[in-house]
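Comments concern the structure below.
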Amino acid sequence: METAAIQSDLIGNTPILKVQSLSEISGCEIYIKCESFNPGGSIKDRAAKKMVEKAIERGDLRPGMTIVEGTAGNTGIGLAVVAKSLGYKMLAVMPKGQALEKERMLTLFGAELKLVDPVPFKDENHFYHTAKRLGQENEDYWWANQFENTDNFLAHYEHTAPEIVEQMSGKLDFFVCAAGTGGTIGGNTKYLKEHIKGIKCYLVDPYGSGLHHFLEHKEFQSSGTSITEGIGIMRETANFAKSDLDGSFQVEDSLHISLARYVRDHDGIVLGSSSALNLAAAFKLALDHKNTGSKLLTFMCDLGERSYSKMYNDDFLTEKGIEFNIDITEIEKRLSAI
Ligand code: PMP
């Protein structure tokens, strides 16, 4: 293997792992692409790298400037890795109440952290609007704008998805994942549909997000809540609009949290919350096509460790009234019924 000159060179080229336990139960092949292997520990390193490279190329981001971004955490960590690698400063605007693990990593990677109250998107103090305002008011700030900046989509269209096609030798029947900005689902579904004949692509949406309802009824409406972080939106972003989807569905927290504990115990894989939702969705699709040997793929989006204080915290889940020990046959039954 070659040596890397700077840390951001290590972004991408992540491995794919077969989830043995769930593959055996479903009689299919269920794979996760392990984005936790990126230096910042998440899939958002890819978007961070591409957005920064393109901004430098365009002359929008110049030496001495500060990168500013509104983030649930992982994009900020990714941007901090890229900023340090290329000699920029980084300011992350983050809503209060996200897992403390992400706040800690952001500052460990050298980013400045500005915490704001978690308010609805229409409030001008939402982390997105705060970051945008900071970017507009300061000449030496560059706002990454991960939601509408389609270089985010491009990271996946040009890198993640071609890696998948190569690693799977062009053989994949189903792809499914959740959306935060929509960059991941946009870039991957568009490329996969163009390059793998017959592949079916789905969105899995957490409760509390409006994308599933939007795809079915053309308007944003949400119900319920979710403890997942970094996913779910109430508007159609430019990145999401590029998706090529065959359908969507929702999975409740109790099912994917219980399933995460099952694969932790049986496969030794510790998933973060969005990855657990992704895997539950892939398992659901596999159960819908039981014993067909179909190949399904989703993402392990970040390090499971980043969800330690919530998803793997029994007291927290009990307080929230979320079941976390549903037995695997009951999980199967409930997922199949969706
Ligand atoms: N999973 C995690 C853990 C994330 O932080 C994010 C992004 N916020 C996503 C999934 C969704 O990725 P995207 O922004 O590309 O839709």
Per the rule of 0.36 nm per residue minus the C-alpha distance, extending S21 to H289 adds in nm 94.8 nm
Solvent-accessible heavy-atom area per residue, rounded to whole Å², over the chain at 1.4 Å = 42 Å²
Could you sort out which of K171/K295; K49/K89; K132/K310 sit more than 19 Å apart by Cα distance in this structure?
-> K132/K310
Of all accessible surface on the chain at a 1.4 Å probe, what whole percent is carbon and sulfur?
-> 47 percent
Name the residue farthest towards the positive end of the dipole of region 1-106 from the options M51, A4, S21, assuming +1 on Cβ of Lys and Arg, -1 on Cβ of Asp and Glu, about the Cα centre.
-> M51
Options S275, S336, I164, ranked by Cα towards positive dipole end of the chain, top entry (Cβ charges) | I164
Amide N of region 284-320 lying under 13 Å from the label point, which is placed 7 angstrom from the Cα of R264 along Cα→Cβ | 304-318
Nearest 20 debye, what's the magnitude of the dipole of region 44-143 about its Cα centre given +1 on Lys and Arg Cβ and -1 on Asp and Glu Cβ?
-> 300 debye
What does the convex hull of the Cα atoms of the chain come to per residue, in Å³, rounded to a whole number?
-> 131 Å³
Report K310's accessible area, 1.4 Å probe, all protein chains in place, as a number in Å² to the nearest 10.
-> 40 Å²
Would you please classify the overall shape of region 182-261 from the alpha carbon gyration tensor, given that a ≥ b ≥ c denote the square roots of the eigenvalues, rounded means a/c under 1.5, and beyond that prolate means a/b larger than b/c while oblate covers the rest?
-> oblate
Listed residues L203, L215 arranged by accessible area, highest first, probe 1.4 Å = L215, L203
What relative contact order, as a whole-number percentage, does region 44-143 give when Cα pairs under 8 Å and 6 or more residues apart are counted?
-> 29 percent
For region 259-333, what value does the Rg/Rh ratio take when both radii are computed over Cα atoms and Rh is the Kirkwood radius, given to two decimals?
-> 0.98
Among E124, E229, E319, E194, what's the order by accessible area (1.4 angstrom probe), most exposed first?
-> E319, E124, E194, E229
For the chain, give the share of DSSP beta bridges that are antiparallel, in percent and rounded to the nearest 5; count only bridges with both residues there.
-> 15 percent
Could you list the square roots of 5 times each eigenvalue of the Cα gyration tensor of region 61-217, that is, the equivalent ellipsoid semi-axes, sorted largest first and rounded to whole Å?
-> 30, 20, 14
Could you tell me which helices of the chain pass both thresholds, a Cα extent of 30 Å or more along their own axis and a mean Kyte-Doolittle hydropathy of at least 1.6, with helices taken as whole DSSP H runs?
-> none
Rounded to the nearest 20 Debye, what is the dipole magnitude of the chain about its Cα centre when Lys and Arg each give +1 and Asp and Glu each give -1 at the C-beta?
-> 420 debye
Mind telling me which of F316, F299, F174 comes out most flexible in a GNM of the chain, alpha-carbon contacts under 10 Å?
-> F316
Under 5 Å, built H, 5+ apart or other chain: amide partners of F147 | none
With label points built 7 Å along Cα→Cβ from the Cα atoms of E112 and K96, find their separation and express it in nm.
-> 2.1 nm
State the Kirkwood hydrodynamic radius of region 44-143 in Å, one decimal place, computed from all pairs of distinct Cα atoms.
-> 13.3 Å
V116 accessible area, nearest 10 Å², 1.4 Å probe?
-> 20 Å²
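The values are calculated or read from the model by the stated rules, or taken from the named source; none is laboratory data. Since this is a predicted model, take the numbers as computed values, not measurements. A quick note on method: Cβ atoms are made from the backbone with ideal geometry, for glycine too, and the neighbour counts reach across all protein chains shown. Heavy atoms of the whole protein, side chains included, go into the accessibility calculation; ligands, DNA and RNA do not. Shrake-Rupley method; radii C 1.70, N 1.55, O 1.52, S 1.80 Å.
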